[in-house]
Amino acid sequence: MRRVLKRKSAAAALAVLVLVSATAILAPLIAPFDPLEGNLDEARMSPTRTHLFGTDEQGRDVLSRVLFGARVSLLIAIAATVLATLIGCAAGLVGGYVGGKVDMAVVAISDLTLAFPSLLLAVAITAVMGGGFHSVFLALALVGWATIARLVRGLVISLRESEYIMAARAAGCGHLRIVIRHILPNALPLIVVVTSLRVGAFVLGESSLSFLGLGLKPPAPTWGSMVSLGRDYLHSAPWMTVFPGAAIAITILAFNVVGDALRDEIDPRLKL
Amino acid sequence: MMRRLIAVCWVVALCGCARAPDAPNTLRLRLDADPSTLDPARIVDVSGGEIAGKIFAGLVRVGETGEPVPELAATVAVSDDGLVYTFVLKDEARFSNGRPLTSADVRYSFERLLSPKTASPRRWVLGRIDGADDYAQGKAGSVQGIETPDENTVLLKLEKPFGPFLSLLTMPNAAIVPQEVVEAWGEDFGSHPVGAGPFLLESWQRDVRLVLRRNPHYSDGPKLDCMEYEIIPEDFAASSEFETGNLDILQLSPADIPRYNASSRLRSLVTSHVGLNTYYLGFICDRAPFDDVRLRHAVSHAIDRQKIIDSVLAGSAVVADGPVPPTILPAADERQAPGYDPKVAIRLIAEAGGAPETIGLYLSSGREELSVCEAIQEYLRKVGLDVELHMLEWSSFKDAVSRGEPDIFYLSWWADYPDPENFLFPTFHSSNWGSAGNRSRFASPEVDAAIETAVAETDAATRADGYAQVEKLVVEAAPWVFLWHRKQFVAVQPRVVGFRFFPIRSADRGVQLSLREG
Amino acid sequence: MYKYILRRVLVAIPTLLGVTIVTFVLMKSLPGNPVEAMIGERADPQVVEEIRAQLGMDRHVVVQYTGYLWLLCRGELGRSYFTNVPVARSLMQKFPNTLRLAVAAMAVAVAIGLVLGVVSAVKRDSLADRFSTIVASLGISTPVFWLGLILIIVFANWLGWLPAGGMGDGRLSFLVLPAIALGTRSAAYIARITRSAMIEVLSQDYIRTARAKGLSTLRVNLRHALRNALIPIVTLVGVDFGSYLNGAVLTETIFRWDGIGRYAMDGIAGRDYPVILGTVLFGAAVFVVVNLMVDVSYAWLDPKVRRR
């Protein structure tokens, strides 16, 4: 980790992430206005000193809404990543280690999941669950676990054949012990890298779903829905679209740079 | 098969979808959604109605003053008791394929709309004809009330006198269709329609473009050669197309209105008209909390409708005083819908026993609906009512409302035909609970009786008095918050001549439009 | 080779069947009722029942599913509930548009990605390299819907150089903005892959030998270094192209592109079951085909694989 920080770009990205997280946590304290309170007299004003990012069609301060939007995006992305990683690792470990019919089942299910167009599948799952926080992160996790599972499975299979593990088996180690003590620690670096690269993808997924109107219920501020709502005002109030979108891009960028740096340190040959 | 498919894909991929070079004398318009079908028996959407209004014709159509005037019929006569309508067809009436139109076609088209095999959702258009219900339920082989004594005469007999009957016949669902063409195309007739209207369908690339061409057999021929409709779902894209000169007529969205007003060039192209619609907040009236009329009035008083109109809708509406738009029922002085007065609202809530638990306000997903309801939520919050917004996709929304799930819902009612009955009977009569139109589950024997008395009048003036009476009762009972009547702002390019606004899109036959030379 | 392809196709069939089952289950769990949306504002319950019966919705789920399988065996995909247009016909009309966009986006991606990647690798650690890396990172991070809107604001509204959307009369100018919006992400990934693969090779001994022999730098770069990047690039192209062919919903919505992505999305929104089933099945089949093409090109590119 320390080596990662030595690179300037990664350090900068990490700083951005800390900033974004801080914003998310501290939003209620630092936001200049209530993100939900609108004043129709001040609708669609361009950026001024009071409203640094302008106001939207309800007269709400865009900056405050962007700050609060960080909470939603980060929370959902992290929740989805945790869940997807848990499912993916479990599936990959079990399938890769046990092999045989179990492995075939794991491969079949993950192939099935990957065969679906991912956004449409997420849309369908969200629609079935009625939209809102839970549906979005569950949908993202259910769509995203398969890639993780595949990668973990590949690594576990190659580890399983290594001399080290063979020796442990010969020495009479039980399977569970082998998995927990030997395979898991060796797989951990890969899992860390994959996870860090996936968070960015989940931020993108969450904002896409909110853009399509499936995310958190209104009037909650989410970056994706703000870009979507700003669409009609593209000519007259472009700041409604530009700032939330930039926030999404910057956040994903930061996650990706950190993830790349981690990958480069741990195993640059991984073509992830 | 696969190889051919791939080959086709490659060829089309390279050529793209070619658009015919801009033919002269072609008017370019926009539809915000692809018509689902152009089969008159099945059209329920506005886009479908707009196109159907140009390629089909009926016994009567909507005239200049909004009253039904003869179209395919040369003369229309009503018997003294209001039960028998006699239509004598024009000799020169023809379909666009050249075939003369006869009374047998009228019988065929009407029975098709009513037939149980068609399962048309617009059966009610002809439902007042004697014997229609029996036929629709399969109990009779034909409709008793339709008589065709000779090739050019049609008699329609009603069960009871019904004043608005001719207005209903102006709807595209009552259009006349040629039997042999319908039967030849079968299920695909909706994509290959043939009618007797001023235009015919030249081409239709679904979800992309629809082109109409002049029908040489229509008597009062159109001046245009072609009308080209581009299907553009996004408002911002449509206004771009208008501003670059690719569209001739554009209905403006609220987001565009301030921008057009700000530009002197664009402002000169815009005209505004009050539409035949009513936007409302419907209460579910058959259970708590809104079975209490005081709470209903409280909500009405809590909302500053004019303010929402000015900010969220960019001034594109007029405050509604009742369910019927003033254009078809001039405001009577006694009609006074609750005005903006939050103090009265707070008082009424207290009288009713305090604010209820969280109120569920349901709306369909859409950016404008959301903006409006967020503003309403804020107003209600200010008088102590906690409102939770439930934004659902259109089909889920309609489902939920039909089942009575919301406490309040945001919806609009648009006229299908220019008679006030359209705004009173389906929406407030107790026989129409649920998807038939009375989504508020409002029931009042007084209102029912008043409606039935009014519509039985064949004389227009007496009927209007009857309607005013119904409105008064409805406003007092407040099953809705009568929000506003949307104005429609239309931008028209200078080269267009003869533009006239039709509040009911399907009433516009397009014959009055032409283009300036050069 | 043909046996391999045949085997792969056969293995794909259970996957496709699985896709139909999962889709069917998901669809029937979707809240909302297509009939309600079809009937408009005023319809009596009797008509609702009649329509449901006509569409077969009153039968048991398993019966409906087997009915659908039977339809598939006859080579049909059913008709849309709303428009009554056969789903297969709509797919045939819209897929070429999606294909055009996918090809254009991929062309943009490969062109830009390769150039950025090669420049980065050859001029490693220079300003050009830093710049390209930043651009690539931005490309990966920018949400496509936002990028699309920004492109429209700048190039269509402010500058007026390109149309704001639609497919127009098929002219290339309508393809430019959507292709750029869609292809940017892939371009960025290709740039990174190219860069790292080339760097890995460029530092090796045999390159120095080749240079010593007098081969021009350019030839050396292209022949040897780039070759190393080809397989991962092909993998990426395959995955991304496959997802483009499934219809890039967001791009198609913003740019008013009549493709199968938008068609599928509208189907889900309207609960138009035949459309949903048809497009998902089609998309899965496309995924299988593209995967197969990628594997075949592996064999062609890398003789070691072929011998397997």
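The values are calculated or read from the model by the stated rules, or taken from the named source; none is laboratory data. Keep in mind the model is a prediction, meaning the values are calculated, not measured. Neighbour counts run over all protein chains shown; Cβ positions are idealised from the backbone, glycine included.
Of the numbered conditions (1) surrounded by fewer than 21 Cβ atoms within 10 Å (Cβ to Cβ); (2) at pLDDT 70 or above; (3) not in a loop (DSSP other than H, G, I, E, B), B:Val12 satisfies every one except a single condition; which is it?
Single failed check for B:Val12: (2).
Determine which member of the set B:Val455, B:Val470 is outside the structural domain of B:Pro161 (by TED's automatic domain parsing), without any contact (Cβ under 8 Å) to a residue 60 or more places away in the chain and either buried (at least 23 other Cβ atoms within 10 Å of the Cβ) or within 30 Å of B:Ser47 (Cβ to Cβ) (or both). Can you show your working first?
Numbers: B:Val455 fails: without any contact (Cβ under 8 Å) to a residue 60 or more places away in the chain.
Sole residue among the options that is outside the structural domain of B:Pro161 (by TED's automatic domain parsing), without any contact (Cβ under 8 Å) to a residue 60 or more places away in the chain and either buried (at least 23 other Cβ atoms within 10 Å of the Cβ) or within 30 Å of B:Ser47 (Cβ to Cβ) (or both): B:Val470.
Against the conditions (1) closer than 18 Å to A:Val20 by Cα; (2) in contact (Cβ under 8 Å) with a residue 12 or more places away in the chain; (3) assigned to a helix (DSSP H, G or I), where does A:Leu184 fall short? Just the number, please.
Answer for A:Leu184: the failing condition is (1).
Does region B:74-82 include one or more residues that are buried (at least 16 other Cβ atoms within 10 Å of the Cβ), away from chain C (no Cβ under 14 Å) and touching a Lys or Arg at 6+ places or on another chain (Cβ under 6 Å)?
No: region B:74-82 contains no residue that is buried (at least 16 other Cβ atoms within 10 Å of the Cβ), away from chain C (no Cβ under 14 Å) and touching a Lys or Arg at 6+ places or on another chain (Cβ under 6 Å).
How about region B:101-123: which of its residues are without any contact (Cβ under 8 Å) to a residue 40 or more places away in the chain and either surrounded by 18 or more Cβ atoms within 10 Å (Cβ to Cβ) or over 25 Å from B:Thr37 (Cα atoms) (or both)? Working first, answer last.
Step one: of region B:101-123, the residues without any contact (Cβ under 8 Å) to a residue 40 or more places away in the chain are B:111, B:114-117, B:119, B:123.
Matches in region B:101-123: B:Glu111, B:Leu114, B:Ala119, B:Arg123.
So which of A:Thr251, A:Thr222 is under 23 Å from A:Val143 (Cβ atoms), crowded, with 24+ Cβ neighbours inside 10 Å, touching a residue at least 60 places away in the same chain (Cβ under 8 Å) and more than 12 Å from chain C (Cβ to nearest Cβ)?
Residue meeting the stated conditions: A:Thr222.
For region C:106-123, state whether one or more residues are within 14 Å of chain A (Cβ to nearest Cβ), free of Cβ contacts under 8 Å to residues at least 24 places away in the same chain and either surrounded by 23 or more Cβ atoms within 10 Å (Cβ to Cβ) or under 24 Å from the mean Cα position of the chain (by Cα) (or both).
The answer is no; no qualifying residue exists.
Would you please name the residue that is nearest to the chain's Cα centre (by Cα), looking only at residues in region C:134-146 that are surrounded by 20 or more Cβ atoms within 10 Å (Cβ to Cβ), part of a helix (DSSP H, G or I) and at the interface with another protein chain (Cβ under 9 Å from one of its Cβ atoms)? Working first, answer last.
Just the residues of region C:134-146 that are surrounded by 20 or more Cβ atoms within 10 Å (Cβ to Cβ), to begin with: C:136-137, C:139-146.
Still in the list and also part of a helix (DSSP H, G or I): C:136-137, C:139-141, C:144-146.
With the extra rule that they be at the interface with another protein chain (Cβ under 9 Å from one of its Cβ atoms), the set shrinks to C:137, C:140-141, C:144-146.
On the way: C:Ser137: 21, C:Ile140: 16, C:Ser141: 18, C:Val144: 13, C:Phe145: 15, C:Trp146: 18 Å.
Of everything passing the filter in region C:134-146, C:Val144 is nearest to the chain's Cα centre (by Cα).
Across region B:366-424, which residue is nearest to the other protein chains (Cβ to nearest Cβ) among those that are assigned to a loop (DSSP other than H, G, I, E, B) and within 21 Å of the chain's Cα centre (by Cα)? Before the answer, list the steps.
Residues of region B:366-424 assigned to a loop (DSSP other than H, G, I, E, B): B:366, B:383-386, B:393, B:403-407, B:415-420.
Keeping just the survivors that are within 21 Å of the chain's Cα centre (by Cα) gives B:366, B:393, B:415-420.
Values: B:Gly366: 9, B:Glu393: 6, B:Ala415: 11, B:Asp416: 8, B:Tyr417: 12, B:Pro418: 16, B:Asp419: 14, B:Pro420: 15 Å.
Filtering region B:366-424 for residues that are assigned to a loop (DSSP other than H, G, I, E, B) and within 21 Å of the chain's Cα centre (by Cα), the one nearest to the other protein chains (Cβ to nearest Cβ) comes out as B:Glu393.
Do we find that A:Ala139 is closer than 22 Å to C:Phe287 by Cβ, in a helix (DSSP H, G or I) and within 12 Å of chain C (Cβ to nearest Cβ) in this structure?
Numbers: closer than 22 Å to C:Phe287 by Cβ: yes; in a helix (DSSP H, G or I): yes; within 12 Å of chain C (Cβ to nearest Cβ): yes.
Yes, satisfied.
If I filter region C:249-282 down to residues being crowded, with 23+ Cβ neighbours inside 10 Å and either out of contact with any helix residue (DSSP H, G or I) (no Cβ under 7 Å at 6 or more places or on another chain) or of a type in the set (Gly, Ala, Ser) (or both), which single residue comes out as farthest from the other protein chains (Cβ to nearest Cβ)?
C:Gly278
Going by what's in this entry, would C:Arg79 be described as of a type outside the set (Ser, Thr, Tyr), in contact with an Asp or Glu (Cβ under 8 Å, 6 or more places away or on another chain) and within 30 Å of B:Ile43 (Cβ to Cβ)?
Numbers: of a type outside the set (Ser, Thr, Tyr): yes; in contact with an Asp or Glu (Cβ under 8 Å, 6 or more places away or on another chain): yes; within 30 Å of B:Ile43 (Cβ to Cβ): yes.
Yes; evaluated as a whole, the condition is true for this residue.
Could you say whether any residue in region B:32-49 is away from chain C (no Cβ under 14 Å) and modelled with pLDDT of 95 or more? Reasoning before the result, please.
Residues of region B:32-49 that are away from chain C (no Cβ under 14 Å), as a first pass: none.
Scanning region B:32-49, I find no residue that is away from chain C (no Cβ under 14 Å) and modelled with pLDDT of 95 or more, so the answer is no.
Quick one: in region A:100-114, which of the residues that are of a type in the set (A, V, I, L, M, F, W, C) and within 19 Å of C:Asn291 (Cβ to Cβ) is nearest to the chain's Cα centre (by Cα)? Give the derivation first.
Pass one, region A:100-114, residues of a type in the set (A, V, I, L, M, F, W, C): A:102, A:104-109, A:112, A:114.
Add one more test, that the residue is within 19 Å of C:Asn291 (Cβ to Cβ), and what stays is A:104, A:106-109, A:112, A:114.
Numbers: A:Met104: 28, A:Val106: 23, A:Val107: 23, A:Ala108: 25, A:Ile109: 22, A:Leu112: 22, A:Leu114: 17 Å.
Across region A:100-114, the extreme among qualifying residues is A:Leu114.
Tell me the residue from B:Pro342, B:Pro323 that is more than 22 Å from A:Asp232 (Cα to Cα), more than 11 Å from chain A (Cβ to nearest Cβ) and touching a strand residue (DSSP E or B) at 6+ places or on another chain (Cβ under 6 Å), please.
Details: B:Pro342 fails: touching a strand residue (DSSP E or B) at 6+ places or on another chain (Cβ under 6 Å).
B:Pro323 is the lone residue from the list that is more than 22 Å from A:Asp232 (Cα to Cα), more than 11 Å from chain A (Cβ to nearest Cβ) and touching a strand residue (DSSP E or B) at 6+ places or on another chain (Cβ under 6 Å).
A:Gln58 passes all but one of (1) more than 11 Å from chain C (Cβ to nearest Cβ); (2) in contact with a Lys or Arg (Cβ under 8 Å, 6 or more places away or on another chain); (3) crowded, with 23+ Cβ neighbours inside 10 Å; (4) at pLDDT below 85; which number fails?
(2)
Just wondering, is there one or more residues in region A:142-156 that are within 20 Å of C:Ile268 (Cα to Cα) and in a loop (DSSP other than H, G, I, E, B)?
Within region A:142-156, the subset within 20 Å of C:Ile268 (Cα to Cα) is A:142-143.
Subset that is in a loop (DSSP other than H, G, I, E, B): none.
Within region A:142-156, none of the residues are within 20 Å of C:Ile268 (Cα to Cα) and in a loop (DSSP other than H, G, I, E, B).
Looking at region B:136-146 only, could you name the residues that are outside any loop (DSSP other than H, G, I, E, B) and surrounded by fewer than 24 Cβ atoms within 10 Å (Cβ to Cβ)?
B:Ile146
Quick one: would you say B:Phe56 is touching a residue at least 40 places away in the same chain (Cβ under 8 Å), in contact with a strand residue (DSSP E or B) (Cβ under 7 Å, 6 or more places away or on another chain), aromatic (Phe, Trp, Tyr) and buried (at least 16 other Cβ atoms within 10 Å of the Cβ)? Can you show your working first?
Details: touching a residue at least 40 places away in the same chain (Cβ under 8 Å): yes; in contact with a strand residue (DSSP E or B) (Cβ under 7 Å, 6 or more places away or on another chain): no; aromatic (Phe, Trp, Tyr): yes; buried (at least 16 other Cβ atoms within 10 Å of the Cβ): yes.
In short, no.
Tally time: how many residues in region B:339-365 are in contact with a His (Cβ under 8 Å, 6 or more places away or on another chain), part of a helix (DSSP H, G or I) and among the hydrophobic types (A, V, I, L, M, F, W, C)? Before the answer, list the steps.
Within region B:339-365, the first condition is being in contact with a His (Cβ under 8 Å, 6 or more places away or on another chain), and the residues that meet it are B:339-342, B:344-345, B:348, B:360-363.
Next cut, part of a helix (DSSP H, G or I) only: B:342, B:344-345, B:348.
Those left that are additionally among the hydrophobic types (A, V, I, L, M, F, W, C): B:344-345, B:348.
Of the residues in region B:339-365, 3 are in contact with a His (Cβ under 8 Å, 6 or more places away or on another chain), part of a helix (DSSP H, G or I) and among the hydrophobic types (A, V, I, L, M, F, W, C).
Which ones in region B:452-511 are within 20 Å of B:Pro326 (Cβ to Cβ) and of a type in the set (Phe, Trp, Tyr)?
B:Tyr467, B:Trp480, B:Phe482, B:Trp484, B:Phe489, B:Phe501, B:Phe502
Answer with yes or no whether B:Phe162 is within 24 Å of the chain's Cα centre (by Cα) and either assigned by TED's automatic domain parsing to the domain that holds B:Thr75 or of a type in the set (D, E, K, R) (or both). Let's see the steps before the verdict.
Working: within 24 Å of the chain's Cα centre (by Cα): yes; either assigned by TED's automatic domain parsing to the domain that holds B:Thr75 or of a type in the set (D, E, K, R) (or both): yes.
Here the answer is yes, as B:Phe162 does meet what is asked.
Provide a single number: the residues in region B:307-317 that are in contact with a strand residue (DSSP E or B) (Cβ under 6 Å, 6 or more places away or on another chain) and within 12 Å of chain A (Cβ to nearest Cβ). Spell out the reasoning first.
The first filter runs over region B:307-317 and keeps only residues in contact with a strand residue (DSSP E or B) (Cβ under 6 Å, 6 or more places away or on another chain), leaving B:309, B:316-317.
When the remaining residues are screened for being within 12 Å of chain A (Cβ to nearest Cβ), the result is B:309.
Number satisfying all stated conditions: 1.
Would you check if B:Ala460 is in contact (Cβ under 8 Å) with a residue 60 or more places away in the chain, surrounded by fewer than 23 Cβ atoms within 10 Å (Cβ to Cβ) and within 14 Å of chain C (Cβ to nearest Cβ)? Let's see the steps before the verdict.
Details: in contact (Cβ under 8 Å) with a residue 60 or more places away in the chain: yes; surrounded by fewer than 23 Cβ atoms within 10 Å (Cβ to Cβ): yes; within 14 Å of chain C (Cβ to nearest Cβ): no.
When the stated conditions are applied, B:Ala460 does not pass them.
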